[in-house]
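Everything on this sheet refers to the single structure shown next.
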Amino acid sequence: MGNDVMVKGTRERIINSYFNLALKNPGKFRFTIAEIAMEAGISRQAIYKNHFNTPEEIMIAVHQEIDYEIEQEFNSYDEGLSPLDFFTERIIPILYKNRNLLRYLYMTNIDPEWRLFLKNKYTKWVKDNININNTNLCLSKDMSLNLFVNMFLAIIESWIIQPIPETPDLFAKQLQKISNCSIRSLIS
């Protein structure tokens with residue numbers, strides 16, 4: 001049992017060190033295992049032997065960690081709850097819980113595929129669960145879907161990158177208000 005705790009602590013330290021390097025070097029998108037090991041204060045061999053073979057494996061682990069709970073919630077979506085209520089009640093608390101990792105992903109170049117990963121994930125869910133009304137905009141269904149997902153992801157990003165993001169309950173209220181606004185209402 002004690003060994004599992006140590007491994008988990010070391011794994012977290014490796015991930016945190018990887019993100020610390022990204023914060024120190026926000027324009028850099030690739031780090032070596034040697035750099036990560038030095039930042040973590042452990043040997044490269046310890047990383048290779050017990051945890052990760054490449055920096056890409058670290059990013060895969062982070063994606064999986066962040067995405068696992070969200071995927072579970074997406075799979076359990078019940079249409080008895082509006083998509084916006086579902087998102088504010090179920091997804092926002094998960095995003096908030098992972099806010100530190102998410103800030104690193106948004107504010108550094110450590111994962112150039114992050115936004116594409118999100119866009120693909122959310123586009124699929126929106127396409128399967130939300131009827132996008134494109135008649136008022138005179139846009140194609142695909143363009144309306146793309147616009148909706150991009151705007152929604154931008155709102156989430158704007159929230160989560162704040163030094164101290166609003167708590168889920170406060171942000172949920174803000175998101176409800178934002179969803180009722182037009183772009184024109186934001187311009188004075």
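The values are calculated or read from the model by the stated rules, or taken from the named source; none is laboratory data. Owing to the predicted nature of the structure, the values given are computational and were not obtained by experimental measurement. In this analysis, Cβ positions are derived from the backbone assuming ideal geometry, glycine residues included, and neighbour counts consider all displayed protein chains. Just so you know, the surface numbers come from the protein's heavy atoms only, side chains and all, with ligands and any DNA or RNA stripped out. Shrake-Rupley method; radii C 1.70, N 1.55, O 1.52, S 1.80 Å.
Under the condition of being assigned to a loop (DSSP other than H, G, I, E, B) and touching a Ser or Thr at 6+ places or on another chain (Cβ under 7 Å), which residue from the range 7-50 is nearest to residue 107 (Cα to Cα)?
Step one: of the range 7-50, the residues assigned to a loop (DSSP other than H, G, I, E, B) are 25-32, 41-43.
The next check asks that each one be touching a Ser or Thr at 6+ places or on another chain (Cβ under 7 Å); those that pass are 26, 42.
On the way: 26: 7, 42: 26 Å.
Top of the filtered list is 26.
Specify the residue that is nearest to residue 69 (Cα to Cα); the eligible residues are those in the range 83-111 that are over 13 Å from the mean Cα position of the chain (by Cα) and surrounded by fewer than 17 Cβ atoms within 10 Å (Cβ to Cβ).
Result: 89.
When the residues of the range 150-188 are filtered to those that are without any contact (Cβ under 8 Å) to a residue 24 or more places away in the chain, in a helix (DSSP H, G or I) and hydroxyl-bearing (Ser, Thr, Tyr), which remaining residue is nearest to residue 118 (Cα to Cα)?
Out of the qualifying residues, it is 158.
Return the only residue of 71, 65 being at negative phi, modelled with pLDDT under 85 and open to solvent by 50 Å² or more (accessible area, probe 1.4 Å).
Working: 71 fails: modelled with pLDDT under 85.
Matching residue, one of 71, 65: 65.
Please name all residue pairs, on different chains or six or more residues apart, with Cβ atoms under 6 Å, provided the first residue is in the range 10-25 and is free of Cβ contacts under 8 Å to residues at least 40 places away in the same chain and the second residue is part of a helix (DSSP H, G or I) and crowded, with 20+ Cβ neighbours inside 10 Å.
13/40; 17/36; 17/40
Consider the range 115-144. How many of its residues are modelled with pLDDT under 85 and open to solvent by less than 40 Å² (accessible area, probe 1.4 Å)?
Counting residues in the range 115-144 that are modelled with pLDDT under 85 and open to solvent by less than 40 Å² (accessible area, probe 1.4 Å) gives 2.
Can you list residue pairs whose Cβ atoms sit under 7 Å apart, with the first residue in the range 28-57 being closer than 18 Å to residue 12 by Cβ and the second being open to solvent by 90 Å² or more (accessible area, probe 1.4 Å) and not in a loop (DSSP other than H, G, I, E, B)? Count only pairs 6 or more apart in sequence or on different chains.
Short answer, once both residue conditions are applied: 33/44; 33/48; 37/44; 40/13.
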